[in-house]
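Notes for the one structure printed next.
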Amino acid sequence: MSWLTYVWETYLSYRQYKMCKATPRVPPELTAITDQETFSKARLYQLDKMKFGFYSSLWNELETTVVLLFGGIAFFWHLCEGLAARAGAPNHELAVTSLFIFGGSLLSTLLDLPWSIYYTFVLEERHGFNKQTPGFFAKDRVKKFFLMQLVILPISCGVVQIIKMGGEYFFIYLWFFTLIVSVSVHVVFAAGSKRSSHSNAYFFGLFKEKKIVLFDTLFEKDATTEGENGGIVNEENVSKSKAEPEKKQQKKTGCNNDEILGVLAHELGHWKLSHVIKNFVIGQVHLFFCFMIFSLLYTDDRAYRAFGFYDYKPVFIGLMLIFMYIFSPYNTLVDFLMTVLSRRFEFQADAFARRMHHASFLRSALIKLNRDNLSFPVYDWLYSSWHHSHPPVLERVRALGKID
């Protein structure tokens with residue numbers, strides 16, 4: 001199934017790549033959105049990203065295949081068992097699970113590092129989006145790795161313990177545990193504008209902790225100005241970080257105040273229409289269903305034997321095999337359906353901005369952000385339907401109409 005998904009997504013990417021190659025000039029219907037210079041830059045950026053994607057996705061697929069064919073999962077688990085025994089914790093499943101997760105994450109990070117370095121310091125640098133120094137990149141990677149371990153390890157051990165001790169209906173306790181974790185971390189977000197010049201804005205949070213995040217790259221500034229932090233807008237306050245100019249003024253990027261209001265109207269549409277809550281509820285129902293099916297499958301010897309576990313059935317291995325491999329077709333279908341739903345929500349939030357008489361401002365902001373992010377505006381319909389949780393800018397501009 002993994003290779004079928006890879007072939008399908010590569011086919012979609014090839015369709016988009018061909019369309020990008022075959023469109024060197026601005027199509028007539030896009031002349032109101034972009035000029036030829038910006039269009040050409042966006043086209044080259046898109047082609048570079050797609051070529052990178054072809055190579056990196058093939059590498060990842062070959063990597064996964066080698067691990068599965070040569071019993072890499074079972075080998076690494078037994079290696080962690082040996083390390084746990086030497087540390088004085090033989091046959092301690094939580095200790096072995098922790099070593100397996102930490103070691104697997106470290107190995108995955110190291111294998112991915114050359115690709116990340118190339119993408120950041122070659123591809124993004126070439127097109128003017130990289131804001132990281134090598135030192136910041138290294139510190140950021142190390143910090144993120146250990147922070148992730150501090151979060152993942154206790155949660156994973158908690159999940160394993162609940163499954164081991166929860167009895168026949170452990171999936172109910174497991175779902176409740178993940179519900180608490182999901183609510184707790186729902187307000188966590190990354191200060192992305194310190195890492196990239198791409199503009200962004202989004203709504204997040206539940207209950208009284210709802211906020212709108214506006215990255216400083218969203219605000220109007222000189223093209224070469226370096227920003228530092230994103231702004232956060234809650235229901236009572238709007239805060240905007242001040243970026244210190246580091247280079248001479250050239251041309252303006254970002255949005256003016258009216259356009260920022262258009263973006264805010266769109267994000268408030270997500271709040272008014274309860275999109276975050278709807279997504280959260282759908283996600284929790286989906287998770288409960290998956291845990292219930294998992295409870296019926298995880299003791300089946302055949303799944304473990306297929307991956308090299310003949311005498312022992314570790315709980316975490318069962319979770320990994322079932323959720324990553326056995327559920328793979330179902331996960332692919334759910335991902336596509338959530339993409340369709342997300343696109344619908346985006347159109348609804350745009351329609352809300354229009355009802356608030358901010359359509360012209362939002363339309364202008366979308367065009368500017370498309371330009372600043374070098375987003376290529378021409379997409380193959382099948383590629384876009386499968387990949388884009390946000391509709392392409394031309395579709396959104398058309399839906400907003402010409403007048404408020």
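FYI, it's all coordinate maths here, none of it is from the lab. This is a predicted model, so every value here is computed, not measured. Every residue, glycine as well, gets a Cβ built from its backbone with ideal geometry; the counts of neighbours run over all protein chains shown.
Where does helix 257-272 land angle-wise versus the long Cα axis of the chain, in degrees 0 to 90, nearest 10?
For 257-272 against the chain, the angle is about 40 degrees.
Restricting everything to alpha-carbon atoms, can you work out Rg to Rh for the chain with a Kirkwood hydrodynamic radius?
A ratio of 0.98.
With springs only between Cα atoms under 10 Å, which of GLU267, GLU346, GLU93 fluctuates most in a Gaussian network model of the chain?
GLU93
Can you give me the C-alpha center-to-center distance between the stretch 125-154 and the stretch 326-356, rounded to a whole angstrom?
29 Å
Cross-link list LYS143/LYS368; LYS143/LYS211; LYS51/LYS313; LYS49/LYS368: which exceed 31 angstrom alpha carbon to alpha carbon?
Flagged as over cut-off: LYS143/LYS368; LYS51/LYS313.
Between LEU150 and LEU68, what's the calculated FRET efficiency when r is the beta-carbon distance and R0 is 45 Å? Round to 0.05.
0.95
Quick check: residue separation of SER328 and VAL185 times 0.36 nm, minus the Cα distance between them. What number comes out in nm?
48.9 nm
What is the extension gain from THR5 to SER108, computed as 0.36 nm multiplied by their sequence separation minus the C-alpha to C-alpha distance, in nm to one decimal?
So the extension gain works out to 35.0 nm.
By how many nm would the segment from PHE137 to HIS78 grow when fully extended, if each residue of separation counts as 0.36 nm and the alpha-carbon distance is taken off?
Full extension from PHE137 to HIS78 adds 17.9 nm.
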